[in-house]
Amino acid sequence: MNILTRFFKQIIHRGHNKPEDLSSVGELRKAFAHRYHNFKLLLTANNKALELMTNLENALEGSQSFGMSFVRANCTATAVNVFRIIKHLDELSPGKYTELYKSFKRIHADINSALEYRKTFHRSKLVLPIFEVNQDILDEVGAKMANVGVIKNTIGLPTPDGFVVTASGYERFVAHNDLQAEIYRRIQSMDKEGIEDLYRLSSDLQNLILGATLPSDLEDAILKAYQTLEASCGQGVRVSMRSSALGEDSSDTTFAGQFRSILNVSSESIIYSYKDVVASKYSLPAITYRFNRGIPDEDVAMCVGCMTMVNAQAGGVMYSCNPLNVRDRSILINSVWGLPKAVVDGSIDPDLFVISRNEPFEIIQKSIKEKRLEFVCFPEEGVCRRELTGKRRQTESISENQARELARMAVILEAYYGRPQDIEWAIGADGSIVILQCRPLQQLELPEIHENHKNSHRDICATVLASGGETASPGVGFGPVYIVRNDVDKLKFPPKSVLVTMQALPRWAPMLGSAVALITETGGITGHLANVSREFGVPAIFGLSGATETLTNGLEITVDADGRSLYLGKIESLLETKPSRKNLMVGSPIFEILKKVADLIVPLNLLDPDSADFHPGKCMTLHDITRFCHEKSVDEMFSFGKEHRFSERASKQLVCDVPMQWWILNLDDGFKQDVEGKFVQIDNIDSIPMLAIWEGITAVPWEGPPPVDAKGFMSVLMEATANPALDPAIRSAYSARNYFMISRNFCSLSSRFGFHFSTTEALVGLRSSENYVRFTFKGGAADLPRRRRRAQFVGEILEYFDFSVEIKEDNAFARAEGCNQEIMKEKLRVLGYLMIHTRQLDMVMSNDASITKYRQKIFDDINLKVLRLGTKQ
């Protein structure tokens with residue numbers, strides 16, 4: 001009987017012993033405030049670091065362009081926030097995780113090493129004559145002038161004489177004026193990367209360069225090279241100054257039309273013209289092109305070619321293959337009267353010759369356009385635009401024999417380079433053909449659907465707004481029309497719009513990065529803007545007469561470049577065939593730098609908090625550090641109730657209908673009003689997590705302990721006899737009272753129900769990323785197998801309600817975090833209910849039928865009663 005008496009005393013016991021008050025309530029509140037403050041600061045820094053990491057991941061996976069300023073800014077900001085995370089964790093647990101500083105220092109050093117990438121240039125002469133230029137010195141003269149040297153010296157086709165101001169010359173000019181540091185400073189200080197901000201930056205940097213002086217050795221070398229050219233080509237020979245930047249005219253990055261060429265330059269203007277071409281490195285088209293293609297500013301050394309001027313009677317551009325279809329081997333020639341400038345800048349519609357590539361170079365197609373003007377050289381210096389009159393407007397600008405000779409040259413050049421070529425040429429006053437430059441031609445592999453789309457508007461039930469012109473770049477685009485007539489319009493261009501212009505001018509190129517399609521009234525497929533539109537994958541129709549008059553701003557249209565048609569509204573059947581836009585950044589220097597630093601920042605290796613590798617020294621990335629710190633910071637907050645003894649003298653007893661003693665310690669702002677006496681009403685509680693727990697506790701009245709079979713009853717008797725921790729007369733974790741430590745958003749609950757002990761700690765507020773709840777459930781009066789099954793039973797229920805659960809022996813551990821306030825309150829209601837209704841269930845854990853019965857009852861109660869509490873508020 002003594003055993004039975006002792007057992008039933010334990011069931012109904014209400015202890016009155018007060019734990020020793022080891023700290024004043026003021027000290028306790030101060031400790032909580034310090035810990036809570038640093039925890040919130042840690043979470044804020046953690047959220048910012050993860051947001052920055054997402055930015056880096058999106059940049060790698062998406063099609064958005066970015067520059068080195070983006071990479072450096074995001075890497076720096078991420079590192080700063082990760083360091084803050086470590087610092088705040090150190091405040092939460094002084095000296096406990098100091099090894100994190102070593103890991104951070106190591107990773108940060110590797111990131112800085114990757115960001116310090118600089119392309120190095122081989123040093124050579126400041127100026128080189130063209131007869132010394134070849135492909136081997138491409139990094140000193142740029143691809144454009146290296147190709148001119150190869151054409152002249154190796155292939156043997158005619159090109160103008162001249163010289164090149166090399167990359168070493170450019171570096172000498174920049175270093176002499178300390179320009180790079182100032183340029184870098186201005187680029188880095190730019191807050192935004194909108195077109196208006198880039199326009200301002202472009203103007204500032206070009207003026208900076210134009211105002212700089214050439215070092216005497218460079219100026220002397222340029223003038224001496226010109227004098228040598230005079231000696232062979234005649235006194236006062238006029239020259240053209242052409243950009244030949246490193247990376248320009250390569251197979252992947254053409255920079256077509258992005259830099260400046262200055263034609264018909266006199267000896268007096270050579271020095272200034274050199275600076276003018278160098279300054280065009282920072283023209284708006286060039287800056288945006290580099291930005292969109294991921295090319296660091298310091299990688300682009302501006303070499304400048306200086307060649308004798310060809311006073312052309314006709315000129316143009318030819319492609320050794322069709323750029324729009326890799327299977328079409330025909331040679332395409334665009335020609336105009338006068339200088340080829342009118343073709344490359346798209347200012348007029350050129351004549352078109354399509355020629356077979358085999359002898360005798362049969363002319364497959366000839367389209368002679370009305371040519372309203374031509375560009376010619378002024379006698380003194382410079383070029384002018386001259387109106388064409390009479391029959392010349394309608395007359396072909398080159399003869400069929402000249403077209404065949406051009407085709408022959410195109411075949412020779414393609415055979416030498418082993419791939420299709422984009423070739424600029426001119427015919428001099430004596431009728432001789434001169435090659436001015438060539439570069440690799442980017443050809444497009446067209447899906448069959450594009451061929452089927454030609455004239456497809458006949459099969460589409462939609463309003464055709466206009467049709468005709470030429471396909472300059474294939475594809476389909478949809479968006480609102482925006483007509484650009486001047487630079488003011490350009491600054492206002494809205495992203496994801498259809499760009500419509502009169503002329504296919506290179507200066508419209510900056511908008512292609514955000515345009516969904518391009519329409520021009522003039523221009524040919526061999527012009528610079530056509531090149532860039534194909535490179536950027538922007539569908540384009542050139543030469544569509546009357547487009548600026550037919551269309552109006554804001555009108556939503558579908559542009560079918562393959563079918564050369566414009567439709568009113570959105571034509572889904574066409575847009576379904578639209579290929580995804582390629583990421584122009586992939587493979588670029590900046591993209592590769594980002595990949596390298598992202599590998600040190602983004603990957604997450606520390607996954608399992610229970611693993612031996614979950615250790616500060618195992619952090620290989622900044623993400624690992626944030627993961628470790630976040631996990632440990634929640635642990636440190638959760639341990640607050642364990643490390644700080646509850647002070648009953650400073651607490652208030654809760655007045656309630658639940659037949660148990662509940663004590664509440666207000667750490668900060670957990671009460672609505674100050675309480676003078678010993679008791680506090682539930683209506684005066686202002687703690688969000690405590691109220692949610694309490695709603696779960698009181699939602700369904702407890703029906704008492706479950707009926708116990710003989711085996712279960714004896715198991716309880718034996719355990720109560722053998723386990724002194726279950727004796728309420730002996731001070732232990734199980735003899736503690738039920739108490740809350742609360743603030744407005746925080747709650748730590750330690751509770752004993754019968755022989756079961758649980759702790760719940762939660763932080764719940766409006767910032768989802770800061771919210772968390774942790775729960776432990778242990779103890780019991782039955783034998784260990786039953787207690788294990790009871791822990792598993794509780795764990796299964798919590799997993800059903802989306803908690804992360806871990807079972808160790810007879811202990812259940814659960815956690816949830818990152819949810820919004822309402823979801824966190826729901827989870828706390830579930831925990832409040834389970835704390836009451838799972839007590840003493842260990843006594844029936846050997847009976848499968850009872851387990852099934854109580855599981856169903858618990859699910860019904862939670863789903864039908866507990867979770868519905870939130871909908872009534």
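The values are calculated or read from the model by the stated rules, or taken from the named source; none is laboratory data. Owing to the predicted nature of the structure, the values given are computational and were not obtained by experimental measurement. Here the Cβ positions follow ideal geometry from the backbone for every residue, glycine too, while neighbour counts run over all protein chains shown. SASA here: full protein model, heavy atoms, side chains in, ligands and nucleic acids out. Shrake-Rupley method; radii C 1.70, N 1.55, O 1.52, S 1.80 Å.
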Would you call Phe163 at pLDDT 95 or above and more than 33 Å from the chain's Cα centre (by Cα)? yes
I'd like the full set of residues that are charged (D, E, K, R) and under 17 Å from Leu208 (Cβ atoms), limited to region 265-280. Lys275, Asp276
Examine region 188-207 for a residue that is aromatic (Phe, Trp, Tyr), assigned to a helix (DSSP H, G or I) and within 22 Å of Ala509 (Cβ to Cβ), and state whether such a residue exists. yes
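Residue-by-condition table, conditions (1) open to solvent by less than 80 Å² (accessible area, probe 1.4 Å); (2) modelled with pLDDT under 85; (3) among the hydrophobic types (A, V, I, L, M, F, W, C); (4) within 23 Å of the chain's Cα centre (by Cα):
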position	(1), (2), (3), (4)
Ala31	yes, yes, yes, no
Thr44	yes, yes, no, yes
Leu56	yes, no, yes, yes
Ser63	yes, yes, no, yes
Met68	yes, yes, yes, yes
Asn74	yes, no, no, yes
Val82	yes, no, yes, yes
Thr98	yes, no, no, no
Ser103	yes, no, no, no
Hits in region 322-345 (condition: modelled with pLDDT under 90, in contact with a strand residue (DSSP E or B) (Cβ under 7 Å, 6 or more places away or on another chain) and over 20 Å from Asn264 (Cα atoms)): Asn322, Leu324
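Scan Thr548, Thr501 and give me the residue that is surrounded by fewer than 23 Cβ atoms within 10 Å (Cβ to Cβ) and of a type in the set (Val, Ile, Thr).
On the way: Thr501 fails: surrounded by fewer than 23 Cβ atoms within 10 Å (Cβ to Cβ).
Unique residue meeting the criteria: Thr548.
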Name the single residue that is farthest from Leu529 (Cα to Cα) among those in region 429-463 being open to solvent by 60 Å² or more (accessible area, probe 1.4 Å) and at pLDDT 85 or above. Asp430
Residue pairs within 8 Å by beta carbon, gap of at least six or interchain, first lying in region 564-575 and touching a residue at least 60 places away in the same chain (Cβ under 8 Å), second loosely packed, with under 13 Cβ neighbours inside 10 Å and in a loop (DSSP other than H, G, I, E, B), listed first then second, are Tyr567/Thr463; Leu568/Thr463; Gly569/Thr463
What is the number of the single condition among (1) within 18 Å of Pro340 (Cα to Cα); (2) open to solvent by less than 60 Å² (accessible area, probe 1.4 Å) that Ile412 does not meet? (1)
Could you please find all residues in region 368-388 being closer than 15 Å to Val310 by Cβ and either assigned by TED's automatic domain parsing to the domain that holds Gly543 or β-branched (Val, Ile, Thr) (or both)? Val376, Val383
Select from region 378-403 the residues that are open to solvent by 100 Å² or more (accessible area, probe 1.4 Å) and more than 30 Å from Ser266 (Cα to Cα) and list them in ascending order. Lys391, Gln394, Asn401
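Can you report the number of residues in region 817-840 which are in contact with a Phe, Trp or Tyr (Cβ under 7 Å, 6 or more places away or on another chain), modelled with pLDDT of 90 or more and not in a helix (DSSP H, G or I)?
First, pick out the residues of region 817-840 that are in contact with a Phe, Trp or Tyr (Cβ under 7 Å, 6 or more places away or on another chain): 817, 827, 830-832, 835-837, 839.
If we keep only those that are modelled with pLDDT of 90 or more too, we end up with 827, 830-832.
Cutting the leftovers down to not in a helix (DSSP H, G or I) gives us none.
Residues in region 817-840 being in contact with a Phe, Trp or Tyr (Cβ under 7 Å, 6 or more places away or on another chain), modelled with pLDDT of 90 or more and not in a helix (DSSP H, G or I): 0 in total.
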Name the single residue, out of those in region 771-785 being open to solvent by 10 Å² or more (accessible area, probe 1.4 Å) and at pLDDT 80 or above, that is farthest from Ser743 (Cα to Cα). Pro785
Residues being exposed (fewer than 15 other Cβ atoms within 10 Å of the Cβ) and assigned to a helix (DSSP H, G or I) - total across region 606-625: 1
I'd like to check something: does region 135-146 contain any residue that is under 12 Å from Gly305 (Cβ atoms), of a type outside the set (D, E, K, R) and either open to solvent by 40 Å² or more (accessible area, probe 1.4 Å) or not in a helix (DSSP H, G or I) (or both)? no
Hey, among the residues in region 154-178 that are in a helix (DSSP H, G or I) and touching a helix residue (DSSP H, G or I) at 6+ places or on another chain (Cβ under 7 Å), which one's farthest from Val237 (Cα to Cα)? Val174
